[in-house]
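Worksheet: the structure to be examined is printed underneath.
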Amino acid sequence: MITPGTPAPDFRLTDHFGRSVSLAQFRGTCNVLLLFYPLDWTPT
């Protein structure tokens, strides 16, 4: 678990256009919100 105030570790994901994006690209330039949600049309 990361404690409040600790920088998040770098990671790389694919965006909705299929491009690779890393957290390091945004570090120091803007805030980043990472959101996970169940797929549409699936029961939860």
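Readers should treat all values here as calculations from the given coordinates under stated rules, not as data from a laboratory. Fair warning: this is a prediction, and the values are worked out from it, not measured in the lab.
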Rounded to whole Hz and in sequence order, give me ³J(HN,Hα) for segment 7-22 from the Karplus expression 6.51 cos²θ - 1.76 cosθ + 1.60, θ = phi - 60°, writing x for Gly and Pro. x, 5, x, 5, 8, 10, 9, 9, 7, 6, 9, x, 8, 7, 10, 10
The extension gain from Cys30 to Thr42, computed as 0.36 nm times the residue separation minus the Cα-Cα distance, is 1.1 nm
Report the equivalent ellipsoid semi-axes for the chain in whole Å, largest first, defined as the square roots of five times the eigenvalues of the gyration tensor built from alpha carbon atoms. 24, 17, 9
